[in-house]
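Asks: Here you go, one structure.
The values are calculated or read from the model by the stated rules, or taken from the named source; none is laboratory data. What you are looking at is a predicted structure, and each value in this text was computed from that prediction instead of being measured. In this analysis, Cβ positions are derived from the backbone assuming ideal geometry, glycine residues included, and neighbour counts consider all displayed protein chains. These accessible areas exclude ligands, DNA and RNA; they are computed on the full protein's heavy atoms, side chains included. Shrake-Rupley method; radii C 1.70, N 1.55, O 1.52, S 1.80 Å.
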Amino acid sequence: MDDVMNLKGKSALVTGAAGGIGASIVQRLRNAGARVAVADRAVDAIEAEAYLPGDLLVPEYADQLPGAAASALGGLDIVINNAGVITRGSVTDTTDADWSLSLGVNVEAPFRICRAAIPIMADAGGGAIVNTASCWGLRPGPNHAVYCMTKAAIASLTQCMGMDHAHQGIRINAVCPNEVNTPMLRSGFEKRGFDPDTAVAELGRTVPLGRIAEPDDIADVIMFLVSDASRYVCGTLVEVNGGKPVS
Ligand code: NAD
């Protein structure tokens, strides 16, 4: 098992690398021997082999990221489209700005990055892409209409790309977490006037495994999906929910 999880000699691009789940992914990839290019709005605090800061809402930035990572690292074997934003509310609560932000970061940027990464990987004989969807992309929850829709979109795109590019040796899969203890979740509690620690503990009691996920719980599944241990897994949506399905 050690050998199939070994990523020595592999090059990886991670978006949202400064975030809760992103930081854990970067650390695990590097621990497994991969060289990592990190992308986020601010990347100074991260240890990595290449730094590609920028705003994923800028189409030209997203378009050139895979090429820039390949140039900086000498190749591109792994792409993790992990960056994401959450906007809350029903459709009638949703502003034009919420719509553009959600579609831009959660759907358009990974589309652009995959579109640019696939030919690079195909030329090199293959690779692995993991997109971060959500349980809410599989079964929507209340009062997050546009967020759920964007996660359903990236889930569907993952399934389509998984089928379309398998013949090029590229495996494209998605993880679908339920609640994860990251700044995204905690800032939502703060905005609604709840103490994040108390809210996370209370939420944990609703999960059959007794706690919500920590970033490492998600990053380990992503590590499986980029490694040879998942060599026959392609176009799948892997739900990581502690036994708590979205109702
Ligand atoms: P996070 O807020 O800690 O990290 C998200 C990262 O994305 C941040 O570092 C942020 O700077 C980056 N990002 C956002 N907009 C960007 C932009 N325009 N340009 C460049 N970078 C940008 O959140 P997280 O919980 O670690 O989320 C990671 C992924 O997991 C997201 O796709 C999220 O939707 C998904 N997810 C999270 C949860 C959860 O409960 N936390 C549940 C399901 C899915």
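Asks: Restricting to segment 64-82, give me the number of residues that are away from the ligand (no atom under 16 Å from the Cβ) and in a loop (DSSP other than H, G, I, E, B). Quick ask: steps written out before the conclusion?
Replies: Going residue by residue through segment 64-82, those that are away from the ligand (no atom under 16 Å from the Cβ) are 67, 70-78.
When the remaining residues are screened for being in a loop (DSSP other than H, G, I, E, B), the result is 74-77.
Residues meeting the conditions: 4.
Asks: Looking at Gly188, Gly235, which one is open to solvent by less than 30 Å² (accessible area, probe 1.4 Å), in contact (Cβ under 8 Å) with a residue 60 or more places away in the chain and assigned to a helix (DSSP H, G or I)? Steps first, answer last, please.
Replies: Working: Gly235 fails: assigned to a helix (DSSP H, G or I).
The conditions single out Gly188.
Asks: Would you mind stating whether Thr132 is under 16 Å from Glu214 (Cα atoms) and crowded, with 22+ Cβ neighbours inside 10 Å?
Replies: On the way: under 16 Å from Glu214 (Cα atoms): yes; crowded, with 22+ Cβ neighbours inside 10 Å: yes.
Answer is yes for this residue.
Asks: Is it true that Asp63 is surrounded by fewer than 18 Cβ atoms within 10 Å (Cβ to Cβ), over 22 Å from Ala155 (Cβ atoms) and in contact with a Phe, Trp or Tyr (Cβ under 9 Å, 6 or more places away or on another chain)? Walk me through how you get there before you give the answer.
Replies: Details: surrounded by fewer than 18 Cβ atoms within 10 Å (Cβ to Cβ): yes; over 22 Å from Ala155 (Cβ atoms): yes; in contact with a Phe, Trp or Tyr (Cβ under 9 Å, 6 or more places away or on another chain): no.
Answer is no for this residue.
Asks: Still on this model: All but one of (1) farther than 23 Å from Ser230 by Cβ; (2) touching a helix residue (DSSP H, G or I) at 6+ places or on another chain (Cβ under 7 Å); (3) surrounded by fewer than 20 Cβ atoms within 10 Å (Cβ to Cβ); (4) of a type outside the set (Phe, Trp, Tyr) hold for Leu138, so report the exception by its number.
Replies: (1)
Asks: I'd like the residue in segment 20-42 that is more than 12 Å from Ala83 (Cα to Cα) and part of a loop (DSSP other than H, G, I, E, B) and, out of all such residues, is farthest from the ligand (Cβ to nearest atom). Let's see the steps before the verdict.
Replies: Going residue by residue through segment 20-42, those that are more than 12 Å from Ala83 (Cα to Cα) are 24, 26-37, 42.
From what is left, the residues that are part of a loop (DSSP other than H, G, I, E, B) are 32-34, 42.
On the way: Ala32: 19, Gly33: 23, Ala34: 19, Ala42: 7 Å.
So the residue we want is Gly33.
Asks: Residues being more than 15 Å from the chain's Cα centre (by Cα), open to solvent by less than 20 Å² (accessible area, probe 1.4 Å) and small (Gly, Ala, Ser): count how many of those fall in segment 162-178.
Replies: 1
Asks: Give segment 191-200 a look and list any residue that's surrounded by 13 or more Cβ atoms within 10 Å (Cβ to Cβ) and either away from the ligand (no atom under 13 Å from the Cβ) or basic (Lys, Arg) (or both), or say none. Explain how you work it out, then say what you get.
Replies: So the first thing to find is which residues in segment 191-200 are surrounded by 13 or more Cβ atoms within 10 Å (Cβ to Cβ), and the list is 194, 196, 199-200.
Correct list: Phe194 only.
Yes or no, residue by residue, for (1) near the ligand (Cβ under 9 Å from one of its atoms); (2) surrounded by fewer than 18 Cβ atoms within 10 Å (Cβ to Cβ); (3) over 19 Å from Leu237 (Cα atoms):
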residue	(1), (2), (3)
Gly84	yes, no, no
Ala97	no, yes, yes
Arg112	no, no, yes
Tyr147	yes, no, no
Val180	yes, no, no
Met184	yes, yes, yes
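Asks: Also, I was wondering about something else. Just to be sure, is Thr236 hydroxyl-bearing (Ser, Thr, Tyr) and under 27 Å from Asp3 (Cα atoms)?
Replies: On the way: hydroxyl-bearing (Ser, Thr, Tyr): yes; under 27 Å from Asp3 (Cα atoms): yes.
Against the criterion (hydroxyl-bearing (Ser, Thr, Tyr) and under 27 Å from Asp3 (Cα atoms)), Thr236 qualifies.
Asks: Let me ask something else about it. Scan (1) near the ligand (Cβ under 10 Å from one of its atoms); (2) open to solvent by less than 60 Å² (accessible area, probe 1.4 Å) for the single condition Ala122 breaks and write down its number.
Replies: (1)
Asks: Does Ile80 satisfy the condition of being within 30 Å of Arg192 (Cβ to Cβ), touching a residue at least 24 places away in the same chain (Cβ under 8 Å) and open to solvent by less than 10 Å² (accessible area, probe 1.4 Å)? Quick ask: steps written out before the conclusion?
Replies: Details: within 30 Å of Arg192 (Cβ to Cβ): yes; touching a residue at least 24 places away in the same chain (Cβ under 8 Å): yes; open to solvent by less than 10 Å² (accessible area, probe 1.4 Å): yes.
So Ile80 passes the test.
Asks: Within segment 25-49, which residues are open to solvent by less than 10 Å² (accessible area, probe 1.4 Å) and touching a residue at least 40 places away in the same chain (Cβ under 8 Å)?
Replies: Initially, segment 25-49 is screened for residues open to solvent by less than 10 Å² (accessible area, probe 1.4 Å), giving 25-26, 29, 34, 36-39, 43.
Hits for segment 25-49 are Ile25, Leu29, Ala34, Ala39.
Asks: Also, I was wondering about something else. Looking at (1) free of Cβ contacts under 8 Å to residues at least 40 places away in the same chain; (2) assigned to a helix (DSSP H, G or I); (3) open to solvent by 30 Å² or more (accessible area, probe 1.4 Å), find the lone condition where Gln159 falls short.
Replies: All conditions pass for Gln159, except number (1).
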